[in-house]
1. Where residues in the range 177-192 are within 16 Å of Glu152 (Cα to Cα) and touching a strand residue (DSSP E or B) at 6+ places or on another chain (Cβ under 8 Å), which of them is surrounded by the fewest Cβ atoms within 10 Å (Cβ to Cβ)?
2. Thr135 is checked against (1) modelled with pLDDT of 95 or more; (2) touching a His at 6+ places or on another chain (Cβ under 7 Å); (3) of a type outside the set (A, V, I, L, M) and fails just one. What number does that condition carry?
3. Out of the range 203-235, which residues are surrounded by 22 or more Cβ atoms within 10 Å (Cβ to Cβ) and of a type in the set (Phe, Trp, Tyr)?
4. For the condition within 29 Å of Leu237 (Cα to Cα), among the basic types (Lys, Arg) and within 18 Å of the chain's Cα centre (by Cα), what is the one hit in Arg157, Arg166?
5. What pairs come up if the first residue lies in the range 201-217 and is over 18 Å from Pro89 (Cβ atoms), the second is part of a strand (DSSP E or B) and among the polar types (S, T, N, Q), and their beta carbons are under 6 Å apart, counting only those six or more places apart or on different chains?
6. Quickly run through the range 292-302 and pick out the residues that are in contact (Cβ under 8 Å) with a residue 40 or more places away in the chain and either charged (D, E, K, R) or crowded, with 23+ Cβ neighbours inside 10 Å (or both).
7. Of all residues being hydrophobic (A, V, I, L, M, F, W, C) and over 10 Å from the mean Cα position of the chain (by Cα) in the range 236-266, which is surrounded by the most Cβ atoms within 10 Å (Cβ to Cβ)? Just the residue, please.
8. Determine the pairs where a residue that is within 11 Å of Asp187 (Cα to Cα), located within the range 142-155, has a partner that is β-branched (Val, Ile, Thr) and modelled with pLDDT under 95 with Cβ atoms under 7 Å apart, the partner being 6 or more residues away or on another chain.
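The values are calculated or read from the model by the stated rules, or taken from the named source; none is laboratory data. Quick caveat: nothing in here was measured; it's all calculated off a predicted structure. Positions of Cβ are generated from backbone atoms using ideal geometry, with glycine treated the same way; all protein chains shown enter the neighbour counts.
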Amino acid sequence: MAPTLKILDSMQQSNADYQLHFEELPAGAQLYADTGESFPDYSMDAARKADAILLSAMGLPSVRYDDGTEISPQIDLRIALELFAGVRPVRINNSRCSPLSLTEPVDFVLIRESTEGLFHSRGIGQVSQNEATETLKITRDTSEKLFKFAFELATQRKLNGDSQGRVTCVDKANVFRAFAFFREIFDQEARSHTLIESNHAYVDAVALWMVQQPTMFDVLVTENMFGDILSDLGAGLMGGLGLAPSADIGEQHAVFQPCHGSAPDIAGQNLANPFAMILSAAMMLDWLGNRHEIGSMRDDGNRLRNAVYKCVQDKNSSTRDIGGCASTEEAAKAVNEALRLQD
């Protein structure tokens with residue numbers, strides 16, 4: 001977070017069209033360990049009032065609630081602010097970090113419904129000595145908003161020349177009635193977007209094709225748990241969670257956060273990869289620029305993203321998790337230098 005804020009501050013100083021003002025707020029597992037409270041009311045109130053939320057990596061596996069589950073303020077935010085669209089981009093410009101042998105770039109977006117699905121019963125599942133039950137929930141209202149978001153994103157990507165314009169509904173409709181319902185709502189929304197191709201795929205097949213034919217995808221939209229799993233697969237295809245940004249977006253609010261956790265085993269050693277956090281900040285600039293119609297903010301989001309991907313190609317500018325030798329600070333400085341060279 002620290003180098004990301006430094007980069008954002010440097011960028012806005014050279015741009016008169018916008019100013020970013022940050023308020024730092026406490027939340028998370030260490031706070032829970034210290035105080036017994038993981039997400040104070042004043043932090044949530046301030047988050048509600050903010051234009052956007054840039055969220056640090058969360059979690060400490062050793063700190064848990066009494067029921068054994070981890071402290072997850074990011075999930076609390078998704079529920080409280082109705083952030084139904086979890087946006088997980090998968091972009092591979094070269095194969096230096098990817099385990100795949102690629103002949104062309106990969107650029108698709110996974111959209112994960114983030115407020116219901118199998119996560120609906122988080123904390124309230126039924127557990128007895130001989131049986132445990134969790135409940136999957138899919139609602140028409142949330143699914144309609146989710147699919148509308150997916151088709152609008154595909155439309156924008158097509159207009160930008162980033163894709164052919166296709167949305168794939170990822171489900172398990174051949175087994176579960178809930179997913180047949182999910183697919184039916186998807187098809188209804190698809191009929192309102194005739195310029196965008198739509199199709200369906202079962203989640204297990206998508207996992208296979210993401211490895212074998214990742215270039216076939218444009219926008220994928222799926223249920224919460226399926227999206228949780230596939231987004232980590234997407235991160236693996238890019239080279240690791242250190243390259244995986246994310247956004248959770250609703251009608252009024254948005255949170256931007258790297259997909260990875262807090263990596264307590266390397267905390268304070270200047271070894272963590274800052275790229276996913278910086279890329280999440282680029283997504284924040286995109287969203288704020290679109291929401292407030294500030295073109296230079298969108299441009300800065302693209303500049304920041306391109307600077308990171310330039311650094312990913314160079315081992316000397318990358319951290320050790322992606323085969324490099326740079327420290328956290330050195331990798332962030334390399335991004336700043338790449339931004340300077342764009343000017």
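1. The initial filter retains those residues of the range 177-192 that are within 16 Å of Glu152 (Cα to Cα), namely 185-192.
Filter once more, keeping what is touching a strand residue (DSSP E or B) at 6+ places or on another chain (Cβ under 8 Å): 186-187, 190.
Values: Phe186: 25, Asp187: 12, Ala190: 19.
Checking each candidate, the answer is Asp187.
2. (1)
3. Those that are surrounded by 22 or more Cβ atoms within 10 Å (Cβ to Cβ) and of a type in the set (Phe, Trp, Tyr): Phe217, Phe226.
4. Values: Arg166 fails: within 18 Å of the chain's Cα centre (by Cα).
Unique residue meeting the criteria: Arg157.
5. Note: pairs meeting the criteria are Ala201/Thr168.
6. Correct list: Met297, Asp300.
7. Looking only at the range 236-266, we keep the residues that are hydrophobic (A, V, I, L, M, F, W, C), and these are 237-238, 241, 243-244, 247, 249, 254-256, 259, 263, 266.
Add one more test, that the residue is over 10 Å from the mean Cα position of the chain (by Cα), and what stays is 237-238, 241, 243, 254, 263, 266.
Details: Leu237: 22, Met238: 24, Leu241: 19, Leu243: 29, Ala254: 23, Ala263: 16, Ile266: 15.
Per the stated criteria, the residue is Leu243.
8. Cβ pairs passing all conditions: none.
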